[in-house]
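To keep things clear, I will list the structure first and then write my remarks on it.
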Amino acid sequence: MTQQGAALQGYNNELVRCIEDLSMQREELSKEIQQAEEERNKLQHEIQALSEQLEHVCENLAQKVASRNELDKILAETEAAYMKILDSSRTLLTVLKKEVGSLRHLPDLKHG
């Protein structure tokens, strides 16, 4: 029986070592899980902050594009009005030159 008792004691010691090894592995894995969860939470917070920044930038961009479009419209209307003024000025100058030219053919009114 002593031999059986010694064998049983050997098995028991080996079982205790295996249980201790498994416990250490579990503890290490638990630490890794905690670190991974902390990293995940940090990344989720960063994603949320970046999402909010992106939303703000998109809103700002949309406002700027709308303002630019409005300026483009005003600029186009102003350029069109200016071209009409130029055409009117050209026409007025042409008429004025014709009138001045026709006045040269009239007798001098001062000497009359």
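The values are calculated or read from the model by the stated rules, or taken from the named source; none is laboratory data. Predicted model, so just to flag it, every value in this text is computed and none were measured. Surface accessibility is based on the protein's heavy atoms, side chains included, excluding ligands, DNA and RNA. Shrake-Rupley method; radii C 1.70, N 1.55, O 1.52, S 1.80 Å.
Here are some notes:
- Test result for Glu77, open to solvent by 100 Å² or more (accessible area, probe 1.4 Å), acidic (Asp, Glu) and in a helix (DSSP H, G or I): yes
- Residues satisfying the stated conditions in region 1-20, i.e. of a type in the set (Asp, Glu) and within 60 Å of the chain's Cα centre (by Cα): Glu20
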